[in-house]
Amino acid sequence: MELHISILVFLFIIPAILAAICRDLLRSVIALLFCSLGLTFLLFNLNAPLAGVFELSVGAGLISVLFINAISLTRPLSAEENLARRKDHYRRFIGLPFIIIIIAALLWFNQQQIFGNLIFKKTAENATIGQILWGLRGLDLIGQIVILLVGVYGIVVLFKRGRSND
Amino acid sequence: MLLGFVFVPLLGAAIMPFVRKIWAKGSTYLSVVVSTFLVVTTGWIAYHNILTQNSLTLEQWIFGQSIALKVDGLSLVILAAIGLVSLVTAIYSAGYSFHPDSRPGFNALLLLIVTGMNGLVMATDLFTLYVFLEIVSIAAYILISYQTDEYGLEGSFKYMMLSAVATTFLLLGTALLFAVTGSVSLTDLAIGVKSGNLMVQLGFAFVMFAFLVKAGMIPFHAWLPDAYTAAPAPVSILLAGIVTKVGGVYTLMRVILGVFGFSKSFSAMLLFIGAVSAVFGAFLALGQKDFKRMLAFSSISQIGYIFMGFATGSPLGLIGATFHFFNHAVFKSLLFLNAGAVEQATGTRKFDELGGLASRMPITGTTSVIGILSTAGIPPLAGFWSKLIIIIALWQTGYHLYAMIAVFASVVSLAYLLTLQHSVFFGKIKEGLEGTQEVAPVFYWPAVIMASVTIACGIFFPIIIDKLILPVNSLFGLLVK
Amino acid sequence: MTNYFGIDFMAVILIICIGLYTLVMAKNLIRMLIGFELMTKGVTLAFISAGNANGRIALSQSLVITMIVVEVVSIATALAIVMLIQHKKNSLNVRSLTNLKG
Amino acid sequence: MSILLLLILIPALYGILLLVYPSKVKSFWEVISVVISAYLIFLVLNIWGQPQNVIIPWAGFGMDFQLRFYQFSQFIVTAITVFVFLGTLYSTRFMLDHPHNNQFYGFLFLTEAMAIGAALANNLVIMLFFWEALLITLFTMINLGKEKAFKTAVKAFVISSLGDLCLMLGIGITEALAKTLVMTDIHLETTGLGAVAFVFMLIGAMAKAGAMPFHSWIPDAAEDAPLPFAAILPTVISQLLGIYLLARIVLDFFTLSLEMRLLVMSIGAITILFGVMMALIQNDFKRLLSYSAISQVGYMLLGIGTGIPIAVAGGLLHMLNHAMFKSCLFFTGGSLEKQTGSTDLNKLGGLWKKLPVTFGCFAVAAAAASGIPPFNGFVSNQMIFEGTLQSGYRIFFVVAILGALFTTAVFLKLGHATFFGTNQPESEQSREAHWTMLTPPIILALGCIFFGVCYAFPLDYLIKPSLSDSLREGLALIHFAFRFDQLLWFTLFTLAIAFINHIIGVKLDGRGLGAVEHIRKAPLLNTVYDLAERRTFDPYVQGKVVGRYAALGLFGVDRGINWIYQEFVPTVATFVGKARRFHNGLYANYLSWSLGGFVLLVAYYIWFF
């Protein structure tokens, strides 16, 4: 079981590192997608199927589409620029894996001190997500409506202005 | 009743596209009407509650326990400030030269940001606080980049990415506290965090970090001058006047009062950060050459004051902090109104290119003098009283060094504000500005409103303290630690 | 039910470190947004593992759902702003965003 | 809403309305002003004799908004409203051509509001608030006058604010001693700190009333400020308030020791002599009147300072009488100024035929001022003389009598020079003034006669109720009348001497104006006068001289401050300019700061854990 979850965590972390390091943005986004998939498995494993599904459809699906859309709309680099930036990029990100490994090692060996004596207040819960979402977190739902309105108005306005400036 | 604070602006924003179809100019009127409604309702609640019961705490549940809203003395003061600043912003924006197509959008976003702030102020739950904080922040990013010019986009992007880090840590802290206590509502958290283990400490540090970034304290401040400077004039009024203060200062106050309580280590830390911000903010402002940028650094310095007063943890300190919050909202938006008017009239904000405008723009000049004197803390204007209360509170709680630092920062504030006044309004009129005229009434009336509020608050400060700010005191009953 | 909180939380810390590293080091604005997205994923995991640890998995799921919606809107807004920056400056380099300073 | 609040709010709001009125006001607003000021009189009379209190919680710490309407304050408030009404009526014509007459009316009504507030206040802080507000209106109203007015306004402001500062100190000490700010609850002894508090408050009251040595702005203001201001502000409203406060201090707040009484009386005596001697040599109608007003303040101080019932009553009665005849005199002076274009006595003369009504009013008021029976000044003068005799210090009686002698001489000179003698070419064309400018002096002159003949009326209905019980009992025993005793003969004798002196003077010099030249040239006096004309006795001028030396001493300090501005601030600014470079616009930079702060924050909390 311990091994099982460790593999899932690796499936989550490795794509994340790749997403940061990959020089090609498109590949980064695909790595992000895989990271999202890893997260989905983790969530399923943690008894949160609904959140997992949501993460899969929105986090992996919608956001990747948004990113790919944005990347395709922005100007691709020319060949020389590509070459010039490659070295620079790897020089900057080469440290990341090492730093991650060091932090991971530090956390792993101090696991007992940090997480060993945690006490959680166990609460028995017998409501479903639906009941909680509608019965207790109504203000959050209102917030979601408001934020969607903000997003819609904002993006519409920004793009209309962005175009009309030409 | 309280739901109106969220739903009325939300409805206003929702019908904005239809209003625009029917009546092109209606959008501005709609947002003016809605924000007037907010001001009036706040005033009515304050008046009503003072008359009927002595406590100002109002709680409301709708749909069973689905929606919980709570207003107490502190929230009421902030609600009043929100209504006031959004009102003047709405009036000011009526004259601002937006692209005609984007004016309804601006008003809709203004109403939505007000919705977000009102919800934020009345939230009883750390996660809801986050949701509304995000509403406010996203609307603010869009509004800053509203003119889609280079500066606006740049300021907006920096603000966004630093805020993103802050929200991440806010969520992380919330998750930690949630793990330990099993709930996210402020009252449950307050019971749960008493165990005081490492997770709680970490969660507290994360939440603190998030709010300090949102409030723009040194060294987390770097986004603030950029965002304030780059925003279009009406947005910078709103942003500097209320948005970042509600997003950072109020939330921090609420979390400390509602959940964590004051501890020695917390007070020492916040006092230190507050003092550093107050002094360095003032010094940094001293070297600025741009109207809005100087005001932005001044804002950092003033928030340092608010935090110093708050950090004392004494009733007097909290009163001072709340009052200074309100005053800051009023006089800082007043100064940004003036900055906007000067930019409107002359087309520049650089001190090198401005000078002697007082003779050409008498109303703007006069109101700016009032704003500056209030900021610097000159009696009998409102800023003086709140600063005085904060300094007294610092002295009484035994932080004598910090009290002296506060006085010192106040002197530096006076220096840079006089520099501002001197280089923009007084002295000889600069070449090329001879033809400058007073801006249109729609630009100076908001400034006149704010200036009279400042004067009135200064003169009637005992009544305000007695009726509006003192109820904050009742919060201290809730404090356990 | 085993308590995975420790190992999950280590993953959260790691992924947030990756995200922060990306934010500091990246030149490309879109890559910065990817870093931000990574941090959000870490937070999602933190919420669910917290809910798993204290037995309130339903509440934590409902929080995560709200959070994902909010984050989608913010990432969409951010992408819009990034694309407008690209449109104006013809560059996605964050080092070129230095008009505001001093 | 309480009528007391209305009394303050109506004139205040109306004053503000006039101030924001964009241009000079025309007849419509003037009529409204007159009506409002008359309405205020009506309001006061409406609640006449019904004591009432208003308490509105205000700042805490004992600073409540407390007003008290009772016998004493009602009579002060009535007087204020009546005089403002007369002043407004007078100004309708007089101020018609003034380019900023809206400001004049505005400040006049604000003054009225503040004066009523100060008189009604039952809390020292509230009183101080109104008192300070009066300082501002004083400054602005003087400023409306001629070109030199600004200098005078500054002078008035400085001197009055010095007095107010002392008052503030006195109130502070009083609060510390009495542990209350409510005026009715303060009862202190003048020993130790109490004496200090008393002296400070006394200075505050005297500065408002214009006694020596706080007098020197009044003549200048009378000359430079608009005349209705001179007619009702320094000589009437300020004096009413100052003497009111003085009476409260001396009679209510403090139980005076003998030394303090002597102090008050001495100041009064010096003021009498100095004021009247200075009045004697003035050659300007308004300056002369204001010096005379200063000297009359001395009588009130002397009367109240004795603490003997009849003299206290006399002092208060004299306050009222003086307000009447002095503003009447100023009004006639205003008519002269308006009709002849000048108030310089050298340019006036023989006007009684041309301005008969004005002359009549002048004659009555001047007679009242000189203490000639049966006018009102005579009654109060007699009461004060009687009191000084009873006090046992004959010297004060002598001074008072001397003062009366010279006062008579002054007014004989003034009347002679203005209305008799030869016509001067400058005033050939003058005619009688407009009726609005005649009505106020006529009313006041009639009042002078009425109060003189029926002197029992003001005494019974105004003065006696205002006094504390013990004083009232003392007063009840004295049934004042025209007793043909030594005192009356003495007074009449004095008056006779004054007349003889005048006749001799005119004989010697040949004109009315020169009637007192022989006194001016008297051996010892001429040196004193020369010094006085060089303003040696003006503390403001002397203060400026001292200030110059002090400034030299402060030069070093000033250099230091200058150094801060010239050297230190630019250095700091350069340093800050360097710091500005840290804000280089790079996002990564900013994020690293924040993360550094974050690490410190977390480390701090884990450390404390």
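The values are calculated or read from the model by the stated rules, or taken from the named source; none is laboratory data. None of the values given here were measured: they were computed from a predicted structure. Please note: Cβ atoms are built from the backbone with ideal geometry, for glycine as well, and neighbour counts cover all protein chains shown.
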Discussion item. Being of a type outside the set (G, A, S), modelled with pLDDT of 85 or more and over 21 Å from B:L120 (Cα atoms) is the requirement here; does B:V33 meet it?
Written reply: yes
Worksheet entry | Within segment B:145-195, considering residues that are touching a Gly at 6+ places or on another chain (Cβ under 6 Å) and part of a loop (DSSP other than H, G, I, E, B), the one surrounded by the fewest Cβ atoms within 10 Å (Cβ to Cβ) | B:T148
Worksheet, complete the sentence: Contact list, first residue from segment C:49-63 and in contact (Cβ under 8 Å) with a residue 24 or more places away in the chain and within 7 Å of another protein chain (Cβ to nearest Cβ), second anywhere and assigned to a helix (DSSP H, G or I) and among the small types (G, A, S), beta-carbon distance below 6 Å, six or more apart or interchain, is C:A50/B:A175; C:A50/B:A179; C:A53/B:A179
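Residue-by-condition table, conditions (1) out of contact with any Phe, Trp or Tyr (no Cβ under 8 Å at 6 or more places or on another chain); (2) crowded, with 24+ Cβ neighbours inside 10 Å:
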residue	(1), (2)
D:S327	no, yes
D:F330	yes, yes
D:G333	no, yes
D:T343	no, no
D:A365	no, yes
D:S370	no, yes
D:N376	no, yes
Worksheet item: Among the residues of segment B:333-344, is there at least one that is surrounded by fewer than 24 Cβ atoms within 10 Å (Cβ to Cβ) and not hydroxyl-bearing (S, T, Y)?
Response: yes
Discussion item. Take the residues in segment D:378-405 that are surrounded by fewer than 24 Cβ atoms within 10 Å (Cβ to Cβ) and of a type in the set (S, T, N, Q); name whichever of them is modelled with the lowest pLDDT.
Written reply: D:S391
Worksheet item: What number of residues within segment A:39-57 satisfy the criterion of being facing another protein chain (nearest Cβ under 9 Å) and part of a helix (DSSP H, G or I)?
Response: 10
Discussion item. For segment C:25-48, which positions are within 11 Å of chain B (Cβ to nearest Cβ) and among the aliphatic types (A, V, I, L, M)?
Written reply: C:A26, C:L29, C:M32, C:L33, C:L38, C:M39, C:V43, C:L45, C:A46, C:I48
Worksheet item: Cβ-Cβ below 9 Å, separation at least six or inter-chain, first residue in segment A:8-21 and at the interface with chain C (Cβ under 7 Å from one of its Cβ atoms), second of a type in the set (D, E): which pairs?
Response: A:V9/C:D8; A:A19/C:E37
Worksheet entry | All positions within segment C:83-94 that are assigned to a helix (DSSP H, G or I), within 7 Å of chain A (Cβ to nearest Cβ) and touching a residue at least 40 places away in the same chain (Cβ under 8 Å) | C:Q86
Worksheet item: A:A84 passes all but one of (1) within 12 Å of chain B (Cβ to nearest Cβ); (2) in a helix (DSSP H, G or I); (3) modelled with pLDDT under 80; which number fails?
Response: (1)
Worksheet item: Which residues, counting only those in segment B:204-227, are more than 8 Å from every other protein chain (Cβ to nearest Cβ) and either under 18 Å from the mean Cα position of the chain (by Cα) or modelled with pLDDT under 90 (or both)?
Response: B:A210, B:F211, B:K214, B:A215, B:G216, B:M217, B:I218, B:H221, B:L224, B:A227
Discussion item. Regarding segment B:300-310, can at least one residue be identified that is more than 9 Å from every other protein chain (Cβ to nearest Cβ) and on the phi > 0 side of the Ramachandran plot?
Written reply: no
Item to complete: Give segment C:1-11 a look and list any residue that's within 22 Å of B:G203 (Cα to Cα) and either surrounded by fewer than 24 Cβ atoms within 10 Å (Cβ to Cβ) or at pLDDT below 90 (or both), or say none.
Response: C:N3, C:Y4, C:F5, C:G6, C:I7, C:D8, C:F9, C:M10
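Quick grid of which residues meet (1) more than 30 Å from B:R349 (Cα to Cα); (2) within 13 Å of chain D (Cβ to nearest Cβ); (3) surrounded by 24 or more Cβ atoms within 10 Å (Cβ to Cβ); (4) over 13 Å from the mean Cα position of the chain (by Cα):
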| site | (1), (2), (3), (4) |
| --- | --- |
| C:L23 | yes, yes, yes, no |
| C:M67 | yes, no, yes, no |
| C:E71 | yes, no, yes, no |
| C:G102 | no, yes, no, yes |
Worksheet item: For segment C:85-102, which residues satisfy the criterion of being touching a strand residue (DSSP E or B) at 6+ places or on another chain (Cβ under 9 Å) and either of a type in the set (D, E) or at pLDDT 80 or above (or both)?
Response: C:L92, C:N93, C:V94
Fill in: Exclusive hit being touching a strand residue (DSSP E or B) at 6+ places or on another chain (Cβ under 9 Å) and within 9 Å of chain C (Cβ to nearest Cβ), set B:F178, B:F169, B:F127
B:F127
Item to complete: Show the residue pairs that are 6+ apart or on different chains and have beta-carbon atoms under 8 Å apart, the first residue being within segment D:91-105 and touching a residue at least 12 places away in the same chain (Cβ under 8 Å), the second being crowded, with 20+ Cβ neighbours inside 10 Å and small (G, A, S).
Response: D:T92/D:S33; D:R93/D:A433; D:F94/D:G334; D:N101/D:S91; D:F104/D:S91; D:Y105/D:G15; D:Y105/D:S33; D:Y105/D:S91
Discussion item. Being of a type in the set (F, W, Y), modelled with pLDDT of 85 or more and surrounded by fewer than 19 Cβ atoms within 10 Å (Cβ to Cβ) narrows it down to one residue among D:F42, D:F109; which is it?
Written reply: D:F42
Discussion item. Quick test for you: out of D:K353, D:K347, pick the one residue that is basic (K, R), free of Cβ contacts under 8 Å to residues at least 60 places away in the same chain and more than 30 Å from D:V250 (Cβ to Cβ).
Written reply: D:K353
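With the structure loaded, tell me whether B:T348 is over 18 Å from the mean Cα position of the chain (by Cα) and either at pLDDT 85 or above or among the acidic types (D, E) (or both) or whether it fails that test.
Spelling it out, B:T348 is indeed over 18 Å from the mean Cα position of the chain (by Cα) and either at pLDDT 85 or above or among the acidic types (D, E) (or both).
Which helices (runs of 4 or more DSSP H) does segment D:163-252 wholly contain that include 2 or more residues that are at pLDDT 85 or above? Give the steps one after another, and end with the answer.
Values: elements: D:193-209, D:217-224, D:227-232, D:238-247.
Fully inside segment D:163-252 and qualifying: D:193-209, D:238-247.
Conditions tested, residue by residue: (1) touching a residue at least 24 places away in the same chain (Cβ under 8 Å); (2) surrounded by 12 or more Cβ atoms within 10 Å (Cβ to Cβ); (3) out of contact with any Leu (no Cβ under 8 Å at 6 or more places or on another chain); (4) more than 7 Å from every other protein chain (Cβ to nearest Cβ).
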| residue | (1), (2), (3), (4) |
| --- | --- |
| A:L66 | no, yes, no, no |
| A:I71 | yes, yes, no, no |
| A:R92 | no, yes, yes, no |
| A:F98 | no, no, yes, yes |
| A:F109 | no, no, yes, yes |
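When you look at C:G6, is it at the interface with another protein chain (Cβ under 7 Å from one of its Cβ atoms) and not in a helix (DSSP H, G or I), yes or no?
Considered against the rule, which asks whether it is at the interface with another protein chain (Cβ under 7 Å from one of its Cβ atoms) and not in a helix (DSSP H, G or I), C:G6 comes out as no.
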